[in-house]
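Participant: Shown below is the structure under consideration.
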Amino acid sequence: MNIISKAIKSINPNAIYVIYGDNIDTCVIEWHNNTTPIPIADIKKQIPVVEQEIKDAEANKIAKKESAKAKLAALGLDEEEIKTIIGV
């Protein structure tokens with residue numbers, strides 16, 4: 001799902017649409033099934049919010065992985081055992 005779609009879905013999770021293009025300034029959005037069109041300006045405002053949510057989720061995933069590794073090490077597992085468990 002591209003960033004435009006993610007922004008639309010964060011505004012209206014039930015939106016039914018088709019996007020032609022991947023640039024918010026030049027894409028065409030067809031709204032289907034009586035979905036109320038979302039103004040491009042609103043979608044543009046939502047894109048940085050969605051991008052930050054994606055970055056935050058990735059940072060959280062990395063932090064959780066590091067936390068899990070630290071907990072396994074605290075239990076006495078060595079680096080090779082930890083790598084085997086977490087699939088690195």
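Rule-based calculations on the coordinates, nothing more; no lab input. This is a predicted model, so every value here is computed, not measured.
Participant: Can you give the Rg/Rh ratio of the chain, where Rg is from the C-alpha atoms and Rh is the Kirkwood radius? If you can, show how the numbers build up before the last one.
Facilitator: On the way: Rg = 20.0 Å, Rh = 15.8 Å.
Radius of gyration relative to Kirkwood radius: 1.26.
Participant: Taking segment 1-46, how much of its Cα-Cα pair set, in percent, is spaced more than 18 angstrom apart? Can you show the working numbers first?
Facilitator: Values: 135 of 1035 pairs.
Of all Cα-Cα pairs in segment 1-46, 13 percent lie more than 18 Å apart.
Participant: Dividing the alpha-carbon Rg of segment 36-85 by 2.2 N^0.38 Å yields what? Could you put the intermediate results ahead of the total?
Facilitator: Values: Rg = 19.0 Å, N = 50, 2.2 N^0.38 = 9.7 Å.
Against the empirical 2.2 N^0.38 Å value, I get 1.95 for segment 36-85.
Participant: Which pairs in the list LYS9/LYS45; LYS9/LYS61; LYS45/LYS65; LYS6/LYS64; LYS55/LYS83; LYS9/LYS44 are over 20 Å apart, alpha-carbon to alpha-carbon?
Facilitator: Values: LYS9/LYS45 13 Å; LYS9/LYS61 22 Å; LYS45/LYS65 32 Å; LYS6/LYS64 24 Å; LYS55/LYS83 24 Å; LYS9/LYS44 13 Å.
Violating the 20 Å limit, Cα to Cα: LYS9/LYS61; LYS45/LYS65; LYS6/LYS64; LYS55/LYS83.
Participant: While we're on this one: Given an 8 Å cut-off on Cα distances and at least 6 residues of separation, report the relative contact order of the chain as a percent. List each step's numbers first, then the result.
Facilitator: Values: 57 pairs, mean separation 21.3, N = 88.
Relative contact order of the chain: 24 percent.
Participant: Also, I was wondering about something else. If amide H atoms are built 1.01 Å from N in the plane of the peptide, which residues on other chains or at least 5 residues away come under 5 Å of the amide H of ASN12?
Facilitator: none
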